[in-house]
Each structure stands twice: as structure tokens, then as C-alpha cells.
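Peer 1: There's a structure below that I have some questions on.
Coordinate-derived values only; no laboratory data. The shown structure was predicted, so the numbers you read here are calculated from the model rather than taken from an experiment. Cβ atoms come from the backbone with ideal geometry, glycine included; neighbour counts cover every protein chain shown.
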């Protein structure tokens, strides 16, 4: 039995007033809890953008390719890839990595479904616990 952990963090934050693609992508990633103040060189953001670009070309990338393109250590790339996999944003296909789905709108829909399934499961377990505890 495979138990897949997924950590989805949603942060409600104001959309940027300036409307350019970089600000919007940063806002989207921050809203999904991806980017933090600790990421001083925006390496996770740059990795996220590179995976979006590769999605446009329908071409999954290896961690070595990502490290080379972003001028980052492979260890840093793998660390960030693991975070993106855990959040359900990217998938691993062998030794290659790609966005989970073809575009960002569908990605948000998929994450929404994941959250909905998780909440329904929690509700069901809560009902069982209520019944068992006589609440």
C-alpha cells in the first residue's frame, strides 16, 4: 500500500497592484505557500518558472538540467523539487520533472480537488469519532 503525503498550503494575500507576469507568478506561488523570505535568491521561484516554461514545450527536465539552467547546485534543485512534489504541483517521471498538468488554471483545479477530497475524508473520520465519543 502506497501512502502519498501531500502538503497544500493556501495563504490569502492581496493580489499585486502592478499586473506583470513575474509579479502574478510570484503572487500565485506565495498564495500556494511555496515562496518564503528564507529563499533569498528566489531559487524556488526561478525553478517554478523554469518548470512552467518546460511545460509549454511539453518537455520534462532532469534535476541536472534544472541546476545547469538556473546556475544552482543540484542539491538545492532537488530540495525544491521535493517541496513541489510534496505540494502536488509537479510530478516525477523517472528522473525527469514536470508540472502535474498542462497549465496553471488546471493545476489550481487539481489542487482544489485534492483539498476537497482531503476535507471530505476528514469530515467522515470526524463523524466516526463523534459517534464513537457520543458527541
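Peer 1: For the chain, find the longest principal axis of its Cα atoms and tell me its angle to the long axis of helix 43-56, 0 to 90°, nearest 10.
Peer 2: For 43-56 against the chain, the angle is about 90 degrees.
Peer 1: I would also like to ask the following. Evaluate E = 1/(1 + (r/R0)^6) for residue 38 and residue 116, where r is the Cβ-Cβ distance and R0 equals 25 Å; express this FRET efficiency to the nearest 0.05. Could you put the intermediate results ahead of the total?
Peer 2: Details: r = 30 Å, r/R0 = 1.21.
For R0 = 25 Å, the calculated efficiency reads 0.25.
Peer 1: Using Cβ counts within 10 Å as a stand-in for footprinting exposure, how do 50, 93 rank, fewest first?
Peer 2: Placing the least packed residue first, the sequence is 93, 50.
Peer 1: With all pairs of different alpha carbon atoms counted, what Kirkwood hydrodynamic radius in Å does the range 1-71 show?
Peer 2: For the range 1-71, inverting the mean 1/r across all distinct Cα pairs yields 13.9 Å.
Peer 1: Based only on other Cβ atoms within 10 Å, what is the fewest-to-most ordering of 62, 9?
Peer 2: Sorted ascending by nearby Cβ count, the order is 9, 62.
Peer 1: Determine which residues of the range 30-74 fall in the zone a paramagnetic label at residue 8 would reach in this model, i.e. backbone nitrogen under 13 Å from the point 7 Å along Cα→Cβ.
Peer 2: Of the residues in the range 30-74, 32-33 have backbone N under 13 Å from the label point off residue 8.
Peer 1: Still on this structure, I have one more. Taking the 0 to 90 degree range and rounding to the nearest ten, how far is the long axis of helix 104-133 tilted relative to the main principal axis of the chain, both from C-alpha atoms?
Peer 2: 20
Peer 1: Under the rule of -39500 (n - 2.57) per DSSP H run of 4 or more residues, summed and divided by the residues of the chain, what mean residue ellipticity at 222 nm is obtained, to the nearest 500 deg cm²/dmol? Numbers along the way, then the final one.
Peer 2: Numbers: 5 runs with 76 residues, N = 135.
It comes out at -18500 deg cm²/dmol, rounded to the nearest 500.
Peer 1: What is the distance, in nm, between label points placed 7 Å from the Cα along the Cα-to-Cβ direction at residue 124 and at residue 86?
Peer 2: Computed distance between label sites residue 124 and residue 86 equals 2.6 nm.
Peer 1: Could you work out the relative contact order of the chain? I mean the mean sequence separation of Cα pairs under 8 Å and 6+ apart, divided by the number of residues, in percent.
Peer 2: This gives 20 percent for the chain.
Peer 1: Report, in degrees rounded to the nearest 10, the 0 to 90 angle that the Cα long axis of helix 74-86 makes with the longest principal axis of the chain.
Peer 2: Roughly 30 degrees, rounded to the nearest 10.
Peer 1: Which order do 49, 21 fall in if you start with the one that has the fewest other Cβ atoms within 10 Å?
Peer 2: Numbers: 49 17, 21 8.
Going from least to most buried by this count: 21, 49.
Peer 1: A further question follows. Full extension from residue 17 to residue 108: what is 0.36 nm times the residue separation minus their Cα-Cα distance, to one decimal in nm?
Peer 2: 30.6 nm
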